[in-house]
Amino acid sequence: MTTAPSATTTPSDQGVGPLLRAWREQRRVSQLELALRADSSARHISFVETGRSRPSEAMVLRLAEHLEVPVRDRNALLLAAGYAPRFPETPLDDPALDAVREGIERLIQGYEPYPALVFDASYHVVAANRGIMMLLDGVPESLLRPPLNTMRLTLHPEGLAPRILNLPQWRGHLLEQMRRQIALRRSEQLRELYEEVAAYPVPDPQEDTGAEQDEPVPYFALPMRIEHEGRTLSFISSTATFNTPMDVTVAELAIETFLPADPATVKYLHALLP
């Protein structure tokens, strides 16, 4: 599995040069390519990485942007270079984020009766609508204690996993998604979550008889096919993030919506959650 620069690395034990080099190598970008992107020279990039040249604050931010370094780690790069962090990390319940919090609540409620939720960088659920809570009917209380974690809820053998009719495919999709996030972020917590859920025993899913459909539906993306109250529901998921966030908390929020993948699912949800 490809990994990001070591999560144990801190600005106090490394200068900005080695950290930038680690991100560049992780992104598989040459010094020349990065120099061209950042309107610099390969020589200057080399000097920065070896500590022979101290980059300006603007250069650190420019290189981080072209290397797609997460906002949290851009602060770490600035600290390693001797500059103050640029991006605050505001608690989601802080009044300063009232507009963000109220906006995402309106968004996921407006998506009803279809399921939608918001989670953070560790896949902890920070908001969910009635469509999601409907899918969680019958999940043991032990898995519903805060903080709810969308990966645990989905893949735990006592969670949604036994109800997912195409569990091998959906589980593979989620684990690959987590591997990509581990490659992008310096998060030991995320790595530990991956190791936990990947080790869950895989329960036998309920048999998908397709009794409610006369013929197979040609899906345009991998669906999650899940049993609910004796019916098979099919969803295509989509995840959105905020553009150009200036706060660590906001940068790490993701909004996942589940689009019904067939007319039967649409009809059922509108009847169940009018």
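The numbers here are math on the coordinates, done by the rules we state, and not lab data. The structure presented is a predicted model; accordingly, all values stated were derived computationally and were not measured.
If you line up the long axis of helix 167-184 against the longest principal axis of the chain, both from Cα atoms, how many degrees apart are they, to the nearest 10?
20 degrees
Give me the number: length gained by fully extending Arg180 to Thr241, i.e. 0.36 nm times residue separation minus the C-alpha to C-alpha distance, one decimal in nm.
20.4 nm
Once phi is turned into ³J(HN,Hα) by the Karplus curve 6.51 cos²θ - 1.76 cosθ + 1.60 with θ = phi - 60°, what whole-Hz value does each residue of the range 266-273 show in order, with x for glycine and proline?
Taking θ as phi minus 60°, the curve returns 4, 4, 5, 5, 5, 6, 7, 10 Hz for the range 266-273.
Computed over the Cα atoms of the range 16-80, what is the ratio Rg over Rh, Rh following Kirkwood?
Values: Rg = 10.2 Å, Rh = 11.3 Å.
Ratio of gyration radius to Kirkwood radius: 0.90.
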